[in-house]
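First up is the structure itself, then whatever we jot down about it.
The values are calculated or read from the model by the stated rules, or taken from the named source; none is laboratory data. These numbers come from a predicted model, not from an experiment. Because the Cβ atoms are built from the backbone with ideal geometry, glycine has one as well, and the counts that use them run over all protein chains shown. Quick note on the areas: whole protein, heavy atoms, side chains included, nothing else; ligands and nucleic acids left out. Shrake-Rupley method; radii C 1.70, N 1.55, O 1.52, S 1.80 Å.
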Amino acid sequence: MELIKQVQKALDEASNFVVEGVEQTLSGNLDETHGVSPSSGATALAALALLAVGRGFETEQQRGILWLRQNRQGGWGKFPGDKPDKEITKIVGMVLRGSQGGWKAKIQLLSQARQFSDMILSLGQRAVPGLDGPSPEEILLPTILEDRVLGKLPLYGRPVVVAASLLASDSQDGIRNGVQYLLDTQMPDGSWSEDIIATSLSILAIMRKGGYPEGMEKAGRWLVQKQYSSGGWPAFDQLKTWSMGWAVCIFGETTQRLTDIPWLNQAVEWLKRGQNADGSYGSTPPFTHPDLDDTAVALIGLHQVGQENPIGINLMKQLQNPDGSWGTFPSFQGTPPHISSEFPVYIPSVDVSIHVLEALWRRSRSQDEGIWRGLNWVLSQQDQQGAFPASWFEGPVYSTAQALELFSKWKFSWERWNTARRILVARQKGLKFLIQEQNQDGGWGSVVETGLALAGLLRYAKVVPRNVFDNGMKNLLELQNSNGSFKPSYQGIYAKGWNYEEPITTALTAIRALQRYEQIYKGSSLGIKRK
């Protein structure tokens, strides 16, 4: 009984933390406590970009420099608390030394910006599992601008690679064509791909050529808007659609009426407004590139509270790969939000496919043919140990727990007996894998992994020993901070070696597990504290 009380208290505190973040998102003022974790590499590049733009950005540039000095721990890593990384430490050191001198030191620093390109170019080479990017030879100017080479990268990743190639090039024709490519791909809000690293590098690459003050000042203003009050920058803009979709879904599990939770209806309307013209979503409306993972999660949230979205559902069906899977980043025509997504869709992914299937799932025995093809593809990805791989989070627990969540929604159908048999086998193997993966401290590694594992296993509470859940709950309680958030893990994958933490979603994974545990073992309706 004491554990149940502790769970209720933790649930209230975590819920309040998430509600604060949701309300900040709705007001357009998301703070660092609730936002994507700051990045030393991104902060150094952003500060250098503002230095390049020049007059009018001195204060913000110096705040970034101060943040870097304050966050030195024997060097600088790729995320807070990370061990020092040789390349990032080198970049930060150059930026700090250049900021201390006069105008001659600044000119010398900007002339050395090309040295940053080697590190950044690696983002275009096997950036994440499932993406075969350009070869080291192809990634240089002028070859990188050829359609056959750019076509190896999703649209969102092209500006950062072109900009880094520009910094490394001595080809005048290549530089001229590369600058024009960047000018043509700058977003209406001034950014490139809603990405701090891409925008910073694009500024540096274009300023190397000189001119274009209006576009560069617009890009500088965008960077200033994304700077945290502490002076740091995240690697990319916020995951607002992602966190809002999950918030609507997970809080929506506890109520039959939107009016029961004051902010829920506002969040639903926010999601509706953030949808692109073709039905897709990006990470941060309205100018971000489409992402099928964000789209799926937005639709999951809307569906949970009874909001049908035919245009989004139809798009997901249209963009299913021939093998039954779904990728992450569709190609598109137009400028967000007025776009039309199309093939190719880059980086086929188990975790994305699971989320799409959740979004498309109907609560009946009858499913569209695409659903069954998608299910069979996901089932084919399970390994001998029972685990499923993930693209956008480190480790197999992430996808395996969510696969069990998906399989729990399946209903028996004689018409699909072979798939039914495969699902039953996959459930058993997945359950065995997750139970064996539980650590001695009761967790599965990070809070995200523990929250997802517990939530997935609680769907099968009748066949899982009670002590698995009790020990897991105790682990979550130990990792909760005083403000209701949870200990970060920095296992979300932005690109090769550049990990991040998104605290709202981390808290939401814990909340879903806490809610289900309370519901099952207290034997009463869920008790989320409402604001």
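Tell me the angle of helix 350-360 to the major Cα principal axis of the chain, expressed in degrees between 0 and 90 and rounded to the nearest ten.
Here the helix axis deviates by roughly 60 degrees.
Pulled fully out, how much extra length does the chain show between Asp184 and Arg55, if you take 0.36 nm times their separation in residues and subtract their Cα-Cα distance?
Result for the pair: 44.0 nm of gain on full extension.
Rounded if a/c is under 1.5, else prolate if a/b is larger than b/c, else oblate: which is the chain, with a ≥ b ≥ c the root eigenvalues of its Cα gyration tensor? Before the final figure, lay out the partial values.
Details: a/c = 1.91, a/b = 1.53, b/c = 1.25.
Prolate.
For the pairs Lys411/Lys487; Lys409/Lys432; Lys9/Lys240; Lys240/Lys317; Lys78/Lys317, flag any whose C-alpha to C-alpha distance is greater than 28 Å.
Check vs 28 Å cut-off fails for Lys411/Lys487; Lys78/Lys317.
When only Cα pairs under 8 Å and 6 or more residues apart are kept, what is the percent relative contact order across the range 378-531?
22 percent
FRET efficiency for Asn177 and Trp372, Cβ-Cβ distance as r, R0 = 51 Å, nearest 0.05?
On the way: r = 47 Å, r/R0 = 0.92.
With a Förster radius of 51 Å, E is 0.65.
At a 1.4 Å probe radius, carbon and sulfur cover how many percent of the accessible area of the chain?
48 percent
Given the Cα-Cα distance of Arg273 and Gln385 and 0.36 nm per residue of separation, how much length would full extension add, in nm?
Contour length minus the Cα-Cα distance gives 36.0 nm.
Assuming R0 = 51 Å, what is the FRET efficiency of Ile4 and Lys317, from their Cβ-Cβ distance, to the nearest 0.05?
0.75
Enter the angle in degrees (range 0 to 90, nearest 10) between the Cα long axis of helix 2-27 and the first principal axis of the Cα atoms of the chain, meaning the one along which they spread out most.
That works out to roughly 40 degrees.
Note the angle between two axes, namely the Cα long axis of helix 292-304 and the longest principal axis of the Cα atoms of the chain, as a number of degrees from 0 to 90, rounded to the nearest 10.
40 degrees
Tell me the per residue accessible area of the chain using a 1.4 Å probe; a whole number in Å² is fine.
40 Å²
By how many nm would the segment from Ser135 to Asp441 grow when fully extended, if each residue of separation counts as 0.36 nm and the alpha-carbon distance is taken off?
Net length gain for the segment: 105.8 nm.
Using helices alone, what [θ] at 222 nm do you get for the chain, with -39,500 (n - 2.57) per DSSP H run of 4 or more residues, divided over all residues and rounded to the nearest 500? Walk me through the intermediate numbers first.
Numbers: 22 runs with 284 residues, N = 531.
It comes out at -17000 deg cm²/dmol, rounded to the nearest 500.
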